[in-house]
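Accompanying notes for the structure given below.
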Amino acid sequence: MCAFALSAEHEDFRRVVRDFAAKEIAPHVARWDRDCHFPVDVVHHMGELGLMGLTAPEEYGGSGGDFTSLCVAIEEIGRIDQSLGVTLEAAVGLGINPILSFGSEEQKQTWLPGLVTGRHLAGFGLTEPGAGSDAAATRTRADLVDGEWVINGAKQFITNSGSAITSLVTVTARTGTRADGKPEISAIIVPAGTPGFVAEPAYDKLGWHISDTHPLTFTDCRVPEANLLGERGQGYAQFLAVLDDGRVAIAALAVGLIQACLDECLKYAGERQTMGGPIGRKQGVAFQIADLEVMLQGARLLTYRAAAVRDAMGTPGGPGVAEFKQAASVAKLYATESAVTATRIATQVFGGYGFMEEYPVARYYRDAKVLEIGEGTSEVQRMLIARGVGLPVE
Ligand SMILES: Cc1cc2nc3c(=O)[nH]c(=O)nc-3n(C[C@H](O)[C@H](O)[C@H](O)COP(=O)(O)OP(=O)(O)OC[C@H]3O[C@@H](n4cnc5c(N)ncnc54)[C@H](O)[C@@H]3O)c2cc1C
C-alpha cells in the first residue's frame with residue numbers, strides 16, 4: 001500500500017465535508033460569486049461542523065485532529081468553491097495557526113474559542129505595498145511607548161481581514177534593529193475595532209469573489225504590549241513556519257479545483273455532440289481529459305505526502321522540517337500550476353459555453369490564477385526548491 005494513502009477515517013470525513021458542500025454551498029455559489037457576497041452563515045456552519053477547529057486541541061474547542069484532515073476539508077470545500085476553500089484555509093492557516101503555534105496561554109484562551117468555532121475569523125497581515133515576496137522589506141513600524149505598541153503602516157491583500165466577523169489581524173512590523181543591522185520584525189495581534197486600524201474597502205478581484213480581502217491601514221494604532229505574539233524579533237521566523245503549512249493547504253485547494261475540472265469535463269464530454277457523436281469520443285478532447293486525471297493524481301499524491309510529513313513532524317519546526325519545507329514547496333508548485341492548466345483545459349472542452357458564467361468552468365478559470373501567487377509565488381517556490389537541492393540560488 002502507498003505510504004501516504006488516506007485512512008478510512010479520512011475518507012469517511014471526506015464524505016461528510018462533501019455532503020456539506022453539496023448542500024450548503026453548491027446551490028448558491030454562482031449567485032454569491034456574481035454578487036461578491038461573503039456568506040457569514042456558511043462560515044459559522046463550517047465552524048459548527050468542526051472544520052476551523054480540526055487542528056486545535058480540545059482545550060481550545062478544537063478536535064485535535066491531524067493536518068491531513070484539514071487538507072481533506074479544504075480540498076472538498078474547494079472542489080465546490082475556491083473562495084470558501086481559501087476562507088477555511090486562511091481561517092485556520094493564517095488566523096488560528098500563528099496564535100496556536102506561538103501565542104501565550106492568555107492569547108490562546110482569549111482568541112481561539114471564537115476562531116475554532118467559526119464565530120470569528122482572523123487574518124494574517126504580512127504583505128505590504130512594497131513587501132510581498134520580499135517580506136523582510138516590511139515598512140510597518142511598531143514602537144513600544146508607555147507599555148503599548150504604536151503601529152503605523154499599511155498591509156495589502158489580507159484575507160479574512162475585514163469581514164463582519166473578523167475579530168483580529170496578526171501583523172508583522174519592525175520593532176527595532178538587530179545587532180547585525182537588519183530590521184527586527186515581530187508579530188503583533190491587533191483586535192478588530194482598535195482605533196487607528198482600518199480595513200479599507202474590499203478589493204475588486206479577478207476571482208475568489210466570495211472571499212474577504214482588504215488593504216489595511218494603521219495610524220497611531222495602539223495595542224497593549226502583551227499583544228506581542230511569541231518573542232520579540234521572531235516575527236520573520238514565525239511567518240516562514242506558518243507559510244510552510246499554508247503552502248500545503250493551498251496545494252489541497254488546487255487539488256479540489258483539478259477534481260472539479262475533471263468532474264465537469266467528464267459530464268460535458270458525454271453530453272455534448274459534434275459530428276455525429278459525443279465530444280468525449282474524439283481523441284483531441286479525450287486526451288486533454290486524460291491529462292486532467294494525470295495532474296489530479298500527481299497533485300493529490302504530492303499534497304498528501306507533504307501533509308503526512310507535516311503530521312509526522314508534530315509541532316512546526318520539529319524534526320523533519322527540511323524535508324517538510326521541500327515537500328510543501330514541491331506540492332504547492334505542482335498542484336497550483338496544474339490547477340491553472342486544468343481550468344484552461346476545462347474551459348476549452350466546454351468551447352464557447354466555457355466562456356459563459358452560466359457554466360462553472362468560467363469561474364474556475366478566474367479563480368485559478370491566484371493559486372500561483374498567494375502564500376509564495378511559483379517563482380519563490382522554484383527558488384526554495386532549487387536551494388533545497390543544493391543550488392546557491394539568490
Ligand atoms: C487574493 C489574495 C489574497 C492574499 N492574502 C494574503 C494574506 O492573507 N496575507 C498576506 O500577508 N498576504 C496575502 N496575499 C499576498 C500574497 O502572498 C502576495 O501577493 C505574494 O506573496 C506576492 O507578493 P507581491 O504581490 O508583492 O508580488 P512581488 O513580490 O512584487 O512579485 C512580483 C513578481 O516578481 C516575482 N519575483 C519577486 N521576487 C522574485 C525573486 N527573488 N526571484 C524570482 N522572481 C521573483 C514574483 O514571483 C512575481 O511574479 C494575498 C494575495 C492575493 C492576490
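The values are calculated or read from the model by the stated rules, or taken from the named source; none is laboratory data. Computed from a predicted model, the values in this text were never measured in an experiment. Neighbour counts are summed over all protein chains in view; Cβ atoms, including those assigned to glycine, are modelled from backbone coordinates with ideal geometry. Surface accessibility is based on the protein's heavy atoms, side chains included, excluding ligands, DNA and RNA. Shrake-Rupley method; radii C 1.70, N 1.55, O 1.52, S 1.80 Å.
Quick one: in the range 317-374, which of the residues that are closer than 16 Å to G85 by Cα and hydroxyl-bearing (S, T, Y) is nearest to the chain's Cα centre (by Cα)?
For the range 317-374, the residue satisfying everything is T336.
Just the residues that are over 18 Å from E231 (Cα atoms) and surrounded by fewer than 16 Cβ atoms within 10 Å (Cβ to Cβ), please, taken from the range 181-197.
Those that are over 18 Å from E231 (Cα atoms) and surrounded by fewer than 16 Cβ atoms within 10 Å (Cβ to Cβ): G181, G193, P195, G196.
Starting from the range 4-23, take each residue that is surrounded by 16 or more Cβ atoms within 10 Å (Cβ to Cβ) and list its partners that are in a helix (DSSP H, G or I) and of a type in the set (G, A, S), counting only C-beta distances under 8 angstrom and pairs at least six apart or across chains.
F4/A307; F4/A308; H10/S69; F13/S69; F13/A73; V17/A73
Can you pull out every residue in the range 69-100 that is polar (S, T, N, Q) and surrounded by 24 or more Cβ atoms within 10 Å (Cβ to Cβ)?
Scanning the range 69-100 gives Q82, S83, T87, N97.
Limited to the range 120-170, what total is found for residues that are open to solvent by 10 Å² or more (accessible area, probe 1.4 Å), among the aliphatic types (A, V, I, L, M), within 15 Å of the ligand (Cβ to nearest atom) and in contact (Cβ under 8 Å) with a residue 24 or more places away in the chain?
Summing the residues that are open to solvent by 10 Å² or more (accessible area, probe 1.4 Å), among the aliphatic types (A, V, I, L, M), within 15 Å of the ligand (Cβ to nearest atom) and in contact (Cβ under 8 Å) with a residue 24 or more places away in the chain in the range 120-170 gives 3.
Which of the residues spanning the range 383-394 are part of a helix (DSSP H, G or I) and either open to solvent by 100 Å² or more (accessible area, probe 1.4 Å) or in contact (Cβ under 8 Å) with a residue 40 or more places away in the chain (or both)? Break it down stepwise before answering.
We begin by selecting, within the range 383-394, every residue part of a helix (DSSP H, G or I); these are 383-388.
Residues satisfying the conditions are L384, I385, R387, G388.
Under 6 Å between Cβ atoms, which residue pairs at least 6 apart in sequence (or on different chains) link something in the range 219-243 that is within 16 Å of K155 (Cβ to Cβ) with a partner that is open to solvent by 70 Å² or more (accessible area, probe 1.4 Å) and aromatic (F, W, Y)?
Listed by first residue and then by second, the contacts come to nothing, as the list is empty.
When you check L51 against the structure, is it open to solvent by less than 20 Å² (accessible area, probe 1.4 Å), more than 22 Å from V370 (Cα to Cα), more than 15 Å from the chain's Cα centre (by Cα) and modelled with pLDDT of 95 or more, yes or no?
Numbers: open to solvent by less than 20 Å² (accessible area, probe 1.4 Å): yes; more than 22 Å from V370 (Cα to Cα): yes; more than 15 Å from the chain's Cα centre (by Cα): no; modelled with pLDDT of 95 or more: yes.
No; evaluated as a whole, the condition is false for this residue.
Take A56 and tell me if it is out of contact with any His (no Cβ under 8 Å at 6 or more places or on another chain), open to solvent by less than 20 Å² (accessible area, probe 1.4 Å) and among the hydrophobic types (A, V, I, L, M, F, W, C).
Yes, satisfied.
Considering the range 101-119 alone, what residues qualify as being more than 23 Å from G318 (Cα to Cα), of a type in the set (A, V, I, L, M) and either open to solvent by 10 Å² or more (accessible area, probe 1.4 Å) or more than 16 Å from the ligand (Cβ to nearest atom) (or both)?
If the condition is that a residue be more than 23 Å from G318 (Cα to Cα), of a type in the set (A, V, I, L, M) and either open to solvent by 10 Å² or more (accessible area, probe 1.4 Å) or more than 16 Å from the ligand (Cβ to nearest atom) (or both), then V116 is the only one that fits.
Might you check whether a residue that is open to solvent by less than 30 Å² (accessible area, probe 1.4 Å), on the phi > 0 side of the Ramachandran plot and of a type outside the set (D, E) occurs anywhere in the range 238-261?
no
Identify the single condition in (1) in contact with a strand residue (DSSP E or B) (Cβ under 6 Å, 6 or more places away or on another chain); (2) over 22 Å from A299 (Cβ atoms); (3) small (G, A, S) that G118 does not satisfy, given that it satisfies every other one.
(1)
Within the range 171-218, count every residue that is away from the ligand (no atom under 16 Å from the Cβ) and either touching a residue at least 24 places away in the same chain (Cβ under 8 Å) or in contact with a Leu (Cβ under 6 Å, 6 or more places away or on another chain) (or both).
10
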